[in-house]
1. Being touching a residue at least 12 places away in the same chain (Cβ under 8 Å), under 30 Å from Asp113 (Cα atoms), in a helix (DSSP H, G or I) and not polar (S, T, N, Q): is that true of Lys12 here?
2. Scan segment 119-167 for residues that are hydroxyl-bearing (Ser, Thr, Tyr), open to solvent by less than 70 Å² (accessible area, probe 1.4 Å) and part of a helix (DSSP H, G or I) and jot them down.
3. Just the residues that are exposed (fewer than 11 other Cβ atoms within 10 Å of the Cβ) and more than 17 Å from Gly77 (Cβ to Cβ), please, taken from segment 29-41.
4. Counting residues that are farther than 15 Å from Ser146 by Cα, which strands (runs of 3 or more DSSP E) fully inside segment 26-114 reach at least 1?
5. Would segment 66-84 turn up any residue that is open to solvent by 50 Å² or more (accessible area, probe 1.4 Å), of a type in the set (Ser, Thr, Tyr) and under 20 Å from Asp33 (Cβ atoms)?
6. Identify all residues within segment 15-28 that are of a type outside the set (A, V, I, L, M, F, W, C) and open to solvent by 20 Å² or more (accessible area, probe 1.4 Å); write none if there are none.
7. Please work out if Glu61 is over 16 Å from Pro11 (Cα atoms), in contact with a His (Cβ under 7 Å, 6 or more places away or on another chain) and open to solvent by 70 Å² or more (accessible area, probe 1.4 Å).
Amino acid sequence: MLSTETTGLNPKDDVVLTISAFAVVDDSILIGDNFEHILLQYKYFHDNKLSNEFIIESKMEKLSEPEAIEKFINYLGNAVIVGHHIDFDVEMINASLERLGCGRLKNEALDIDIMYRKLQDITDKEFSLVELSEAFKIPISDRNSSADDAYTIALLFLKLKSRLRIK
């Protein structure tokens, strides 16, 4: 289960600030098998005259973009990536990989929004993470972080997997 926090919505101009993921095996979220890092993006903040106070003040481990991306790729291995509107997260990570002169992710990806729309037979609407959480009565954290979102995505995935009868 993957979630990123980014500076914006354009993979060419924006950067990844945090990457969080939880492993799911069979029908269990492996809390101890997780990934959560802040990517130091000082150049982006400097070039755009933005404050990076939240990065400096955070207690999370901070790594340079190359270190964080390498650790994430090693953590991910050949696992299936699951997320909410996952194409965006994958494109943001691919943009980081391209900046580092590397290839692109080749992992299979599943989107919980698409899974939900398939379950409900809805083709003309996308659902927010909050809407999906409300539909399955999963409490939403007051904190907005990629780790909270990744955990919520994991819970939603397990519920959707069960309802769609996916092994």
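The values are calculated or read from the model by the stated rules, or taken from the named source; none is laboratory data. Here the structure is a predicted model, which is why all the values come from computation and not from measurement. Please note: Cβ atoms are built from the backbone with ideal geometry, for glycine as well, and neighbour counts cover all protein chains shown. We work out accessible area using only protein heavy atoms, side chains counted, and drop any ligands, DNA or RNA first. Shrake-Rupley method; radii C 1.70, N 1.55, O 1.52, S 1.80 Å.
1. On the way: touching a residue at least 12 places away in the same chain (Cβ under 8 Å): yes; under 30 Å from Asp113 (Cα atoms): yes; in a helix (DSSP H, G or I): no; not polar (S, T, N, Q): yes.
Criteria not met by Lys12.
2. As a first pass, look at segment 119-167 and keep what is hydroxyl-bearing (Ser, Thr, Tyr): 123, 128, 133, 141, 145-146, 151-152, 162.
Then drop every residue that is not open to solvent by less than 70 Å² (accessible area, probe 1.4 Å), which leaves 128, 133, 141, 145-146, 152.
Result: Ser133, Ser146, Thr152.
3. Restricting attention to segment 29-41, the residues satisfying the condition of being exposed (fewer than 11 other Cβ atoms within 10 Å of the Cβ) are 31-32.
Within segment 29-41, Ile31 is the sole residue that qualifies.
4. On the way: elements: 28-40, 62-64, 81-83, 109-111.
The qualifying strands (runs of 3 or more DSSP E) are 28-40, 62-64, 109-111.
5. yes
6. Taking segment 15-28 first, the residues of a type outside the set (A, V, I, L, M, F, W, C) are 18, 20, 26-28.
Residues satisfying the conditions are Asp26, Asp27, Ser28.
7. Working: over 16 Å from Pro11 (Cα atoms): yes; in contact with a His (Cβ under 7 Å, 6 or more places away or on another chain): yes; open to solvent by 70 Å² or more (accessible area, probe 1.4 Å): yes.
Yes, satisfied.
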